[in-house]
Ligand SMILES: NC(=O)c1ccc[n+]([C@@H]2O[C@H](COP(=O)([O-])OP(=O)(O)OC[C@H]3O[C@@H](n4cnc5c(N)ncnc54)[C@H](OP(=O)(O)O)[C@@H]3O)[C@@H](O)[C@H]2O)c1
């Protein structure tokens, strides 16, 4: 899947094996980018074969980003291309549903390692690399959950609030180096995300109407290319919800999210 002769622009996409990350990777592939595409499981190899159909180089990397050595392995794969990175999408992430009293502490600490620590770790390499070349675009996946407390996913929302503010802060710092940073805030989106979080017995389960992952990815891709600070991913109702969240009290938003995310049994 890798031919050194290829000379399109190069993008790194984490969490490219499924969901929003796969759709983002697809948009880059269709638009002539070569890819370093990462996932935690073997699914990334099949995803990479699909992405390579569009003619570019695709380097699949299987690495657990909740571990520092996984992040290092991903960056080594980028370095091994010997090429400048034109864009980076820091997207891999997960949630854990359930009452905080019941959820597993080690699992939650691993969530923070993935959703927060790995983003800082990888962004350090990406930002220095792009600043040295005085160009580049970085897309960091946050969430609409960054705009409210998220009871029954109590650790998840704050982890995405971190990525949102991290992206916006980094954006300001990197402006003078010609590097743009964009935060993507998807609303609830049709992917494996809620099932993996163990939330099928909540309002976020299979019956919920969710945003299309293709639409969310397209909105993120366009915002990145335009150099926007942030974009809400989803339909008009999702965008209205993001707007309302700016003004609603946190306590009210917490109570509303609890009603939706609390396990039914
Ligand atoms: N779906 C939503 O409703 C929603 C809403 C707002 C924000 N988001 C955000 O969107 C991003 C993508 O989520 P998604 O909806 O596309 O979910 P998804 O379909 O479950 O995809 C998650 C991706 O992250 C990878 N990943 C998970 N754990 C990892 C780990 N420890 N190390 C490396 N990679 C790991 C997965 O790889 P494997 O498949 O190989 O495990 C997969 O490629 C996340 O950051 C999430 O917070 C999602």
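Coordinate-derived values only; no laboratory data. Values in this document were obtained by computation on a predicted structure and should not be read as measured data. Heads up, the Cβs are rebuilt from the backbone with ideal geometry, glycines too, and the neighbour counts pull from every protein chain shown.
Per-structure values
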read-out	value
Of the criteria (1) within 14 Å of the ligand (Cβ to nearest atom); (2) assigned to a loop (DSSP other than H, G, I, E, B); (3) touching a strand residue (DSSP E or B) at 6+ places or on another chain (Cβ under 9 Å), which one residue 84 fails	(1)
Only listed residue being buried (at least 24 other Cβ atoms within 10 Å of the Cβ), away from the ligand (no atom under 13 Å from the Cβ) and farther than 14 Å from residue 221 by Cα, chosen from 11, 71, 58, 78	58
Residues that are in a loop (DSSP other than H, G, I, E, B) and either farther than 20 Å from residue 160 by Cα or in contact with a strand residue (DSSP E or B) (Cβ under 6 Å, 6 or more places away or on another chain) (or both), drawn from the stretch 220-234	227, 228, 234
Given (1) part of a loop (DSSP other than H, G, I, E, B); (2) under 16 Å from residue 125 (Cβ atoms), index of the condition residue 71 fails	(1)
Check on residue 35, within 15 Å of the ligand (Cβ to nearest atom), surrounded by 15 or more Cβ atoms within 10 Å (Cβ to Cβ), under 15 Å from the mean Cα position of the chain (by Cα) and not in a loop (DSSP other than H, G, I, E, B)	no
Total residues in the stretch 87-130, condition assigned to a helix (DSSP H, G or I) and closer than 30 Å to residue 201 by Cβ	15
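To keep it simple, each residue is scored yes or no on (1) closer than 26 Å to residue 43 by Cα; (2) away from the ligand (no atom under 16 Å from the Cβ); (3) part of a helix (DSSP H, G or I).
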{"site": "184", "(1), (2), (3)": "yes, no, no"}
{"site": "218", "(1), (2), (3)": "yes, no, yes"}
{"site": "237", "(1), (2), (3)": "no, no, yes"}
{"site": "247", "(1), (2), (3)": "no, yes, no"}
